[in-house]
């Protein structure tokens, strides 16, 4: 990745990488897409009748082979409705929770087989009669519930869990799933490299360059070889003493859904969260057709473009659609921002569907992610908080583990002390407590009260003690905080709050000064911001 977003925030970024996420590939026997193809296939297999029983015979042989292989390898077969139920990835989550976590190896290993019934496109035979009264059978396309096998396994190249889905009835549609992050993690384990994962992303790696190199090495030929391996194990038909598969039952594999994610891992989780909130604020109206077309590098397509916000694991997500494809951005766990392109309609992006073109999807998704990030780079970094203010607004522990409350400038004595410490001589030469006690007699009864308030600043690094001396000195961070806090309280916070609670019609002067006009403008601006935030919420 090489975009302006990375350059803009390079000082705050730990590393970044682009990788495949979810990849779903479907297998079809194209010659069995229509009735005539089924007729030719059955006749090539030696069947002369086109009955449901003949087609069911193939299903029974496939079921018998999978059960025999599972029994031989001690693979559990689970009937999904009796276990957990659910949709939208519930099977994968169930396998990850109950089976995948037990395996720590690197070789091929089948976790379990989950069976379920799903409505699919298939064929049914009906017996009809000619005008002469002679019966005959005709095939019809239909949609009916068919038993599906979800075979979950760990692959020695793609990691796990992956799954191979086999439909048990003609035309035997199949599906293969893997996750690119699992393949990268497996390669890290093989090389003995250190890494940390947070959710479905790497947040710390020993060599970021190696991470990107491994992610780029995943290609269609490698995936096709792994699909062939698992199909040769499970997609066979039991003939009694052996299992085999006809040459007419060879699947062709096509991409159905490919997710390409670009993860930017930040040094500070707070900075990452604040930056993403600022991006959401600034680009909430990003989803115009022209802007979306710019991200996907295609001509505007107004009827198929939209942008909206949604929740992803209770975090805000900005998602944009274009001709069935999507690009979204979200701060999933607080430590990294993920920009993810999902390709559902390859043709609209000029991509080809056969699995051998898989790597082209990586470069296309990377281009979309880059252009999306370029649009989000126009954020003023100086206005983004990295958590410095929490040091002075929340209790912290000292070296003995005792909680120390924050300075409170609402107290007159604390405000007086801070104003005194703001003088340049205390930063250059330092001070002693007894000297401050003489200068602040009107606010502190004794030096103990001054030491109590100074301790709040010492533990926060605003004041430090000179070595081998009884003098204290104001630090750079302390001077900046004192200046910003006192200026904000004296010249901004108090005047604006006071003005907001008073009737401006009766208090307005006939010839207001520039500072009074400025306060009025700030008050109007804050009112507008409050109204906009309420509307967005």
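Worth a mention:
- Of (1) 180; (2) 162; (3) 253, the label for volume of the Cα convex hull per residue in Å³ derived from the coordinates: (3)
- Nitroxide proxy distance, nm - points 7 Å out along Cα→Cβ at residue 257 and residue 438: 7.7
- Radius ratio Rg over Rh of segment 164-286, counting only Cα atoms, Kirkwood formula for Rh: 1.13
- The slack between residue 518 and residue 399, meaning 0.36 nm per residue of separation minus the straight C-alpha distance, is 38.3 nm.
- Measuring spread by the Cα atoms of segment 390-501 yields a radius of gyration and Dmax of 14.4, 52 Å.
- Taking each residue as 0.36 nm, the span from residue 2 to residue 267 lengthens on full extension beyond its C-alpha to C-alpha distance by 93.5 nm.
- Ranked for footprinting exposure by Cβ neighbours inside 10 Å, fewest first, 230, 483, 253 give 483, 230, 253.
- Separation of the residue 83 and residue 483 label points, Cα + 7 Å toward Cβ, nm: 6.4
- Approximate spin-label separation residue 248-residue 297, in nm, with each point projected 7 Å along Cα-to-Cβ: 4.5
- Ordering 464, 319, 131, 97 by the number of other Cβ atoms within 10 Å of each residue's own Cβ, fewest first, gives 131, 97, 464, 319.
- Residue separation of residue 527 and residue 221 scaled by 0.36 nm, minus their Cα-Cα distance, works out to 104.2 nm of gained length.
- Proxy reagent accessibility, fewest Cβ within 10 Å first, across 114, 295: 295, 114
- Compared with the dominant Cα axis of the chain, that is its longest principal axis, helix 269-282 is turned about 80°.
- Cα-based equivalent ellipsoid of segment 179-219: semi-axis lengths in Å, sorted from largest, via gyration tensor: 14, 12, 10
Values quoted throughout were computed directly from the atomic coordinates according to the rules given, and no laboratory measurement underlies them. Since the model is a prediction, treat every value here as computed from it, not as a measurement. Note that each Cβ is placed from the backbone with ideal geometry, even for glycine, and that neighbours are counted across all protein chains shown.
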